[in-house]
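Have a look at the structure below before the remarks.
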Amino acid sequence: MMKRAVHLRSMWIADLLWLVLAIVVATQRVFGVWMPWLADTPTGTLMPSAGLTVGGAMFSIFVTYRAGEASVPRPSYGQAIAIVTPTLVFTAIGLIVSREYFSRQWLLAVFVLWASLLLLHRALLRLRPWTEQMVVITGETALADVINASDHATVIAIVAPDDDPSEIPLVESATLVVDLRSVLSEDMARFVSSASMSGQNVRPLVEVYEEHTGRLPLVHIVRGWEITRPVARSRYAPIKRVLEAGVTIVTAPLWLALGGLIAVAIRLNSRGPVIYRQTRTGKDGSTFTLYKFRSMVVDAEQDGPQFASTNDPRTTLLGRLLRRTRLDEIPQLWNVVLGDLALVGPRPERPVFVEEFSRAIPFYDARHLVRPGITGW
C-alpha cells in the first residue's frame, strides 16, 4: 500500500511540475520573459490564463488519479490524455466566460509541450514496470497463478486457509491477499485480523484479481448479483451521456483536424475507403454502425469474420501504427455524438461474436445493460 501511495503521489506531483515547466518555457518563447506575470499583454498579465490552466490541471489530475487509485498504478499514455484534454476544455471555457485576455500561440505552446512531457515521462517509467509483491491465502491456487502471471504482480507464496500462520513468509512491503470465500481456520483468521490491525496491507482476492487481470473471477460474483438493480437504470447514466457528448463536441476541432491528416495518409498508403464501417452490438442488445479508420486491406474478411491478431498480415503498414496508437478509433467519436457509444464503457462486439460469447460466458449479456464505449476496460 505504501509503495502504491508513493507512486501515485509522485506521479501527480510530477504532472503538475511538468505543467509549470511548460508554462515557463512557453512564456519565454512567446513573450520573451520567464514568468507569466511579467508578460507584456493588452491586460498587463498572463496570470488569468495561467491560473485557469493550473486550476484545471489540478482538478483533472485529482479526478483521474482518484478514479484509478484502486487499479494497478502503471504509467498510462491514456491517463496523460485524460489529464490534458479536460484541462484544455476547462481553460477554454473559463477564458470565454471570464472574457480575459489570452494568447492562442501561448496556449498552444503550453498544451503541446505539457502533453509531450507527460507522454515522455510515462514512456521512461514504462521501461521499469511497477510490481506488487503479495502473499495469497486461498484454497483455489489457480486464481493465484493467474494473478502471478500478470505483468505487475509477484506472488511470494500461496497459503491454504488452514495452514499454520507462522509458516507464512510475509515481508513488510508485501500485500496480504485473502480469499473471502475460503473458510479460514481460527489461527489463520486471528493472523489476518492482527495483520490488518498492525497496518499490513490486507486486500480481498477478488479485488486484486480484477485490477491485475482486467477480469472478474466468476466464482467470486456476489450471491444474488444477477437480480440486483442494474447500474444502467441509475440517474448517473443520462448525466454521463451529456458530459461525454459535451466533451466530444467541444474538442471536435482537435480530433477533426487530426482525423483529416490521418485520412490523407490512409488514401496515400493503400487503395480503398478511408472509413471502415462495421455492425456492432450496443446498449440493450441493439445494433449500430461503428466507424473506424481503415487499418487493413480491403478484402481482409473474404474468408469470414475473425479477430485481429498480433502482426496480422491483413494490416497495412500505416494501419499497424494506427492500431498501436489507437488513432484508428477517432471516427468513433462521431458514434459518441450520435449516442451509439460512450467515451468510457465496455468495447462493443460484432453480433456473430456476441452470440458465441453469450453461450460460452456466464453473465456476458449483462455488459449490454450499459452503453458500450471507446476505452473498453
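The calculated FRET efficiency for the pair A366 and Q105, based on their C-beta separation and a Förster distance of 45 Å, comes to about 0.35.
In the context of the full set of protein chains, the chain has a per residue accessible area of 57 Å² (1.4 Å probe). Step by step: find N for the chain, compute 2.2 N^0.38 Å, then divide the Cα radius of gyration by it. What's the final number? Working it through for the chain, the quotient is 1.17. I'd like the distance between the alpha-carbon centres of region 254-326 and region 133-177, rounded to an integer number of Å. Region 254-326 and region 133-177 have Cα centres spaced 42 Å from each other.
Value of Rg to Rh for region 20-155, rounded to two decimals, is 1.18; Kirkwood radius and Rg both from alpha-carbon coordinates. Between A342 and G373, I374, the built amide H atoms are under 5 Å apart, and every one of these is 5 or more places off in sequence or on another chain.
Helix 2-31 and the long axis of the chain differ in direction by around 10°, with both axes built from C-alpha atoms. Taking 19 Å as the cut-off, the amide N atoms of region 311-350 that come nearer than this to a point 7 Å along the Cα-to-beta-carbon line of T287 belong to 335, 339-341, 347-350. With distances taken between every two different alpha-carbon atoms, region 79-165 has a Kirkwood hydrodynamic radius of 17.2 Å. Taking a spot 7 Å from the Cα of F307 along the direction of its beta carbon, which residues of region 361-377 have an amide N less than 19 Å from it? Under 19 Å, as judged by backbone N against the label point of F307, lie 361-368, 373-377 of region 361-377. Between the Cα long axis of helix 47-67 and the first principal axis of the chain there is an angle of about 20°, rounded to the nearest 10. Put a plus charge on the Cβ of each Lys and Arg, a minus charge on the Cβ of each Asp and Glu, and nothing anywhere else: the dipole of the chain about its Cα centre is then about 1720 debye.
Between E132 and A153, T154, the built amide H atoms are under 5 Å apart, and every one of these is 5 or more places off in sequence or on another chain.
Given R₀ = 56 Å, FRET efficiency for I275-M197 by Cβ-Cβ distance, to 0.05? So the FRET efficiency works out to roughly 0.45. In terms of Cα atoms, the Rg and Dmax of region 287-343 work out to 12.5, 33 Å. In a DSSP loop and with at most 15 other Cβ atoms within 10 Å, the GluC sites (Glu not before Pro) in region 159-215 are E172.
Here r is the Cβ-Cβ distance between T141 and D187 and R0 is 22 Å; the resulting FRET efficiency, rounded to 0.05, is 0.60. Once the Cα-Cα distance is subtracted from the 0.36 nm per residue extended length, the R66 to V20 segment shows a gain of 14.4 nm.
Taking the 1.4 Å solvent-accessible surface of the chain as the whole, the part contributed by carbon and sulfur is 62%.
For the chain, the relative contact order comes to 11 percent (Cα pairs under 8 Å, sequence separation of at least 6). Taking amide H as placed 1.01 Å from N in the peptide plane, Q278 has its amide H under 5 Å from the amide H of L290, each at least 5 places away in sequence or on another chain. The distance from the alpha carbon centre of region 10-59 to that of region 186-203 is 48 Å, rounded to a whole number.
Shape summary: region 253-311 maps onto an equivalent ellipsoid whose semi-axes, from the alpha-carbon gyration tensor, are 23, 19, 10 Å in decreasing order. Once both labels are positioned 7 Å from their Cα atoms along Cα-to-Cβ, the gap between A160 and R267 label points is 6.9 nm.
The values are calculated or read from the model by the stated rules, or taken from the named source; none is laboratory data. Predicted model only: the values in this text are computed from it and were never measured. Glycine also receives a Cβ, built like all others from the backbone with ideal geometry; neighbour counts cover every protein chain displayed. For accessibility, only protein heavy atoms count, side chains too; no ligands or nucleic acids. Shrake-Rupley method; radii C 1.70, N 1.55, O 1.52, S 1.80 Å.
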